[in-house]
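One structure below.
The values are calculated or read from the model by the stated rules, or taken from the named source; none is laboratory data. Treat the numbers as computed from the prediction; the structure is a model and nothing was measured. Positions of Cβ are generated from backbone atoms using ideal geometry, with glycine treated the same way; all protein chains shown enter the neighbour counts.
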Amino acid sequence: TQLLEQSPQFLSIQEGENLTVYCNSSSVFSSLQWYRQEPGEGPVLLVTVVTGGEVKKLKRLTFQFGDARKDSSLHITAAQPGDTGLYLCAGEGDYKLSFGAGTTVTVRA
Amino acid sequence: DSGVTQTPKHLITATGQRVTLRCSPRSGDLSVYWYQQSLDQGLQFLIQYYNGEERAKGNILERFSAQQFPDLHSELNLSSLELGDSALYFCASSAGGLAGVYEQYFGPGTRLTVT
């Protein structure tokens, strides 16, 4: 059983469309991190959110941490083929990160 | 390039054998974490070391052990290997690890295949 539930599991969209990935838990986290992983490589940190209600923007990516620090979302505007990958959320607690199962995003040209 | 190095990149071995995976953290990072990633289990935290001391333990089997050396590199030892141990093993490092927010940087991984 995953501590963090990510949805959807798979997402396939056309270039230029928007997408949102969700990360939900019944646990409260000190912080939440989002990573992107490409096949055969290690996850790459995208952002860390710490404060409940926090919104961070990285170019076309918008990350939000829920007010209760139990959930988060990642929104990509005008997706590009380079956004293709496995998106993982990870919650920090008890000196360790607990990862969700990930959302596989495919952006078709 | 995250600055974390792992060797070897690929490892193929037989059931019952023992292997050692090696990780060098980013320069200046004191914490090292080991993760196992398989298709059915996702990314699972195994163990963390901070400046040579074990700091946190996750879903690590008794057949697995790790250590962090004075130069801060770490090794993960896997023994009595089973087919189900086939997976990607990642090492990550961070500057902190005692408390508070810390950001982890992952190495490229070691792909272990047990036949």
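Numbers at a glance
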item: Count of the range A:42-78 residues which are closer than 24 Å to A:Glu17 by Cβ and of a type in the set (D, E, K, R); result: 5
item: Single residue of the range B:41-59 satisfying the filter (modelled with pLDDT of 90 or more and at positive phi) that is nearest to the other protein chains (Cβ to nearest Cβ); result: B:Asn51
item: From B:Glu54, B:Glu103, residue being acidic (Asp, Glu) and in a strand (DSSP E or B); result: B:Glu54
item: Selection count where residues are farther than 23 Å from A:Gly82 by Cβ and either at the interface with another protein chain (Cβ under 8 Å from one of its Cβ atoms) or not in a loop (DSSP other than H, G, I, E, B) (or both), scope the range A:24-48; result: 4
item: Yes/no for B:Arg22 being among the basic types (Lys, Arg), at pLDDT 95 or above and touching an Asp or Glu at 6+ places or on another chain (Cβ under 8 Å); result: yes
item: Which numbered condition B:Ser38 misses (of (1) at the interface with chain A (Cβ under 10 Å from one of its Cβ atoms); (2) in contact with a Gly (Cβ under 9 Å, 6 or more places away or on another chain); (3) closer than 14 Å to A:Phe99 by Cβ); result: (1)
item: Residue count, the range B:21-41 (criterion: of a type outside the set (A, V, I, L, M) and either loosely packed, with under 13 Cβ neighbours inside 10 Å or outside any strand (DSSP E or B) (or both)); result: 7
item: Residue within the range B:72-92 that is part of a strand (DSSP E or B), closer than 25 Å to A:Tyr87 by Cα, facing chain A (nearest Cβ under 10 Å) and of a type in the set (A, V, I, L, M) present; result: yes
item: Residue in the range A:70-78 that is surrounded by 13 or more Cβ atoms within 10 Å (Cβ to Cβ) and at pLDDT below 95 present; result: yes
item: A:Gly91, sole failed condition from (1) within 12 Å of another protein chain (Cβ to nearest Cβ); (2) at pLDDT 95 or above; result: (2)
item: Pair list, Cβ < 6 Å and 6+ apart or interchain, from the range A:1-26 residues that are closer than 21 Å to A:Gly91 by Cα and at pLDDT below 95 to residues that are of a type in the set (A, V, I, L, M) and buried (at least 16 other Cβ atoms within 10 Å of the Cβ); result: A:Gln2/A:Ala101; A:Ser25/A:Leu4
item: Conditions (1) farther than 23 Å from A:Glu41 by Cα; (2) surrounded by 15 or more Cβ atoms within 10 Å (Cβ to Cβ); (3) free of Cβ contacts under 8 Å to residues at least 24 places away in the same chain: number failed by B:Tyr50; result: (3)
item: From the options A:Gly66, A:Gly100, residue that is small (Gly, Ala, Ser), within 14 Å of chain B (Cβ to nearest Cβ) and surrounded by 13 or more Cβ atoms within 10 Å (Cβ to Cβ); result: A:Gly100
